[in-house]
Structure formats: C-alpha cells, structure tokens
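These notes are about the structure you will find just below.
The values are calculated or read from the model by the stated rules, or taken from the named source; none is laboratory data. Here the structure is a predicted model, which is why all the values come from computation and not from measurement. Because the Cβ atoms are built from the backbone with ideal geometry, glycine has one as well, and the counts that use them run over all protein chains shown. SASA here: full protein model, heavy atoms, side chains in, ligands and nucleic acids out. Shrake-Rupley method; radii C 1.70, N 1.55, O 1.52, S 1.80 Å.
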Amino acid sequence: MNITATLIGQILTFAVLVWFIQRYLWEPLTTALADRQKKIADGLAAAERGEHEQELARKRAAEKIAEAKQQAAEIVSQAQKRASEIVEEAKENARAEGERLLAAANAEIEQEANRAKEQLRSQVVTLAVAGAERVLKKEVDAKAHEKLLADLVAQI
Amino acid sequence: MSGEAQSPAEYIQHHLVNWCVGDCDPVTHQAAGFWAFHVDTLLFGWLLAGLMAWAAFALGRQLTTGTPGTLQNVIESVVEFVQTQVRDIFPGSNPLIGPLAITIFVWVFLMNAMDLVPVDLLPLLARFVGIEYLKVVPTTDLGTTFALALSVFALIIYYNIKIKGPVGYLKQFLFHPFGKYLVPVNIVMTTIEEVAKPVSLALRLFGNMFAGELIFMLIALLSFAWWMLPAQVALGSLWAIFHILIITLQAFIFMLLTIVYLGMAHTSDEEH
C-alpha cells in the first residue's frame, strides 16, 4: 500500500485529461452555454418589444377605426343634409315653375280676352255703323267721322 | 470467492494487492520500492479518462446552441453545476479552474464508481486471462489520490507565487498566523497548514474509498454458507446504494476543496 511510480503515471494522465477537457469540452461548451443564454435573452427582449409594438398597433388601429366612424357619420349627416336641401330646392323650383306657368296662362287668357274684346268692339262699331247707315239710309263717310267713331269705340 | 479454499483473511489480503509490474516483491506481490507500477490502477484510470475524453470529444463535434440533445443535456448540467461552484467560491477568474474542477469531479467520480462493480467480478475475469491480482478501484490506490492531490498542490504553490510574488508567498510563511513577533512559530504553522492540504485531500479520498471497498469485501465474505445469501444480497444492495452517495460526495469534496485552495492562492488578502 505504498506510494509507487503509479503516482507519476496518474499525474501525467491527470494533466493530459485536464488539458483535453479544457480544449474539447469546457471551452466550447461554456461558449455554447453563454451563446444560448444570450440568444434566449435576445429572444425574450424581442418578444417583449413585439408585444409592445402590437399593443401600440392595436391602439393605433382603434384610433383609426374611431376616426373612420366619425368621418362616416359626418359624411352621412352631410349627405342627409344635402338630400333634404335638394328636396327643398326641387320643391321651391316646382313651386316657382308652377307660379310662372300660372302667370303665363293668366297672361295669355287676359290677352285672348283683350283680343276678343277688341274684335267685339270693332264688330260692334261695324254693326253700329251699319245700323246707323240703315237708319240714315245714307252712307256715312267713315273718314269724315273717324274721330267720332274712335270716341265711340273708346266708350264701349 | 476465488478458486482454492481461502480463509477470510487470505481472501481480503488477496483483494488488497495490486497488479504490480516493476520493482515488486516476488513473494507478497506488493511493491518493494518506488519504481513499481500498479498496472490495474493505471489501466482503469486511463480507461475512465478515455471514456471522459471520448464523451467530451463526441459532444464537442455536435455542440449546438439550440435545443440540446441527451448527451449534451447531461454534460451541460454537470458543467453548469461545476461552473456555479467555481463562480460562487473562486474569487476573480482563471480559465483553468473550471476545466480542472470538472475533470477532478468527473474523473474521481468515475474511478470511485468502479467500487460499484461487484468486487469479485473483474478480478475473476482477470484470473481467466492469467492476471493473479487486480484492484479495480483506482482511488483505493494512494498513487492515484496523491497524484491528484500533488497536482493540485503544485498548482497551489504556482498560483501563490504567481499572484502574490515569491516575497509575498514567503511573507505568508513568516507572518501568519500570529504576526511578526512569532516568526518561528509562524513558519511551522503555515508549513503544516500548507502540507496538510494535499495530504488531507489524498488521504480523505483514499480512506473513504478503501473503507468502502473493504466493506464490500466483508459483505462478499458472507457467502460462506448458502443460507447467508439473502443477508449478503440485502447488505450488498444497501451498502451499494449508500455508496453512491459516498462516491459522489467524495468526488464533490475533492473538487470543492481544490477550488477553495486555489481560491486562497489567488487572494492576496492577508487575512485568512
């Protein structure tokens, strides 16, 4: 149970093993672990950022929707207003046109009536002259009595 | 038990002899001087070191930062465990400490774990190929435990001198632990303190493993009669289960103390 040269062999084995483990296991593995740690940390940070951005986007979308709704409501109310305006205008136009037509018809009727009166007058004058001729049995000189006839026409 | 009829004492004696090559006593087969090699110790040491190296190499080629495979998972958890220990105990940073600690932990653990192989199995197989003596647990050989402890000791001295300077290291011998008025006492005390480090490291591991091995042998001796078989199986299983704790603990203690000692070598703080 004494210490023998086995000691030297085991020391050398140990030294080689430590070197080997450092070269092929410890360094690559600790690097990989550190890398993974960083990767996970980055991933978590990215996820958080993404969440934040999503939140912002949701807010922006909500704002946009509200705005759009408001605009739509405005447009609808404007359209309604415009429609009632158009209806009002049309009513106004129709009323004006009716009045105009009425006025024109009235005017024409009056004109017709006047013309008829005119005709009647001239016929009455002719009749009156013819009657007077017959009463007087003598020709009335239309030229000599033009003034008198015109006065007569005006009296009728 | 081995072939010919053996007394229990002979049986145990036989199991405590290494496969010796070199300067060996031809009668007892024990090493007669320093220049004897315990081939079994070296062989199993190399085998287990080779196993570690192979695992390390196999992993190193398929290392990924993504989802790790089974092998990587297992080794990663060991590496992280050791890394945590180093980070907690070791002041400052030294790229050698981590690999050193994990090598000690895993290698010592594997060598200790040879204890869990049935005591007679490998010697019996060896007998078939003509090897008379075989001790399968390298850590029951003082050669192995002192090899580790002295390597650590050499590193302790190296880093003491490197960090504190030769003068600083010498001062530690002169003025610790009692200050400048008791220099002779200080020299003796600090020398004992320093020498105790490798000796305690080596002997603690050796003692635990040797005693464990011995108890396995004693349990094996219970097979002197067939009706003792249940007792042997029960005790053997019990001790093996308990021994799992011991081998892990001893490997862990060796690693931890290595980190602590090297950490002490790295602190230029005068108070410790």
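Restricting to the stretch B:43-63, and then to whatever is at the interface with another protein chain (Cβ under 7 Å from one of its Cβ atoms) and free of Cβ contacts under 8 Å to residues at least 40 places away in the same chain, can you tell me which residue is surrounded by the most Cβ atoms within 10 Å (Cβ to Cβ)? Working first, answer last.
Kept after step one, since they are at the interface with another protein chain (Cβ under 7 Å from one of its Cβ atoms), are these residues of the stretch B:43-63: B:45-46, B:49, B:52-53, B:56-57, B:59-60, B:63.
Then drop every residue that is not free of Cβ contacts under 8 Å to residues at least 40 places away in the same chain, which leaves B:46, B:53, B:56-57, B:59-60, B:63.
Details: B:TRP46: 17, B:ALA53: 17, B:ALA56: 24, B:PHE57: 13, B:LEU59: 22, B:GLY60: 17, B:LEU63: 19.
The selected residue is B:ALA56.
Determine if the stretch B:16-38 includes at least one residue that is part of a helix (DSSP H, G or I), farther than 20 Å from B:GLN250 by Cβ and more than 7 Å from every other protein chain (Cβ to nearest Cβ). Give the derivation first.
Of all residues in the stretch B:16-38, those part of a helix (DSSP H, G or I) come to none.
No, the stretch B:16-38 contains no residue that is part of a helix (DSSP H, G or I), farther than 20 Å from B:GLN250 by Cβ and more than 7 Å from every other protein chain (Cβ to nearest Cβ).
Could you check B:ILE97 against (1) touching a Leu at 6+ places or on another chain (Cβ under 8 Å); (2) at the interface with chain A (Cβ under 8 Å from one of its Cβ atoms) and say which number it fails?
Going through the list (1) touching a Leu at 6+ places or on another chain (Cβ under 8 Å); (2) at the interface with chain A (Cβ under 8 Å from one of its Cβ atoms), B:ILE97 breaks only (2).
Test A:GLU92 against the stated conditions and say whether it is acidic (Asp, Glu), part of a helix (DSSP H, G or I) and over 23 Å from the mean Cα position of the chain (by Cα). Outline the logic, then answer.
Numbers: acidic (Asp, Glu): yes; part of a helix (DSSP H, G or I): yes; over 23 Å from the mean Cα position of the chain (by Cα): yes.
So A:GLU92 fits the description; yes.
Evaluate the following for B:HIS243: is it more than 17 Å from B:THR144 (Cα to Cα) and either modelled with pLDDT under 90 or not in a helix (DSSP H, G or I) (or both)?
Values: more than 17 Å from B:THR144 (Cα to Cα): yes; either modelled with pLDDT under 90 or not in a helix (DSSP H, G or I) (or both): no.
For B:HIS243, the condition - more than 17 Å from B:THR144 (Cα to Cα) and either modelled with pLDDT under 90 or not in a helix (DSSP H, G or I) (or both) - is not met.
For A:ARG36, indicate whether it is more than 8 Å from chain B (Cβ to nearest Cβ) and of a type in the set (Lys, Arg).
On the way: more than 8 Å from chain B (Cβ to nearest Cβ): no; of a type in the set (Lys, Arg): yes.
Criteria not met by A:ARG36.
Look through A:GLU133, A:GLU53, A:GLU146 and report the one residue that is surrounded by 10 or more Cβ atoms within 10 Å (Cβ to Cβ), of a type outside the set (S, T, N, Q) and within 52 Å of the chain's Cα centre (by Cα). Don't jump to the end; show me each part of the working.
Working: A:GLU133 fails: within 52 Å of the chain's Cα centre (by Cα); A:GLU146 fails: within 52 Å of the chain's Cα centre (by Cα).
The unique qualifying residue is A:GLU53.
Can you find even one residue in the stretch B:178-198 that is outside any helix (DSSP H, G or I) and either modelled with pLDDT of 90 or more or touching a helix residue (DSSP H, G or I) at 6+ places or on another chain (Cβ under 7 Å) (or both)? Spell out how you get there, then give the answer.
Just the residues of the stretch B:178-198 that are outside any helix (DSSP H, G or I), to begin with: B:178-179.
Those left that are additionally either modelled with pLDDT of 90 or more or touching a helix residue (DSSP H, G or I) at 6+ places or on another chain (Cβ under 7 Å) (or both): B:178.
Yes.
Which residues, taken from the stretch B:64-94, are more than 10 Å from chain A (Cβ to nearest Cβ), closer than 17 Å to A:THR31 by Cβ, in contact (Cβ under 8 Å) with a residue 24 or more places away in the chain and open to solvent by 40 Å² or more (accessible area, probe 1.4 Å)?
None; the set is empty.
Which residue out of B:GLY130, B:GLY60, B:GLY33 is under 27 Å from A:ILE40 (Cα atoms), modelled with pLDDT under 85 and of a type in the set (Gly, Ala, Ser)? Spell out the reasoning first.
On the way: B:GLY130 fails: under 27 Å from A:ILE40 (Cα atoms); B:GLY33 fails: under 27 Å from A:ILE40 (Cα atoms).
From the options B:GLY130, B:GLY60, B:GLY33, the qualifying one is B:GLY60.
For the stretch A:1-43, which positions are closer than 22 Å to B:GLY22 by Cα, open to solvent by 80 Å² or more (accessible area, probe 1.4 Å) and either touching a residue at least 40 places away in the same chain (Cβ under 8 Å) or assigned to a helix (DSSP H, G or I) (or both)?
A:LEU12
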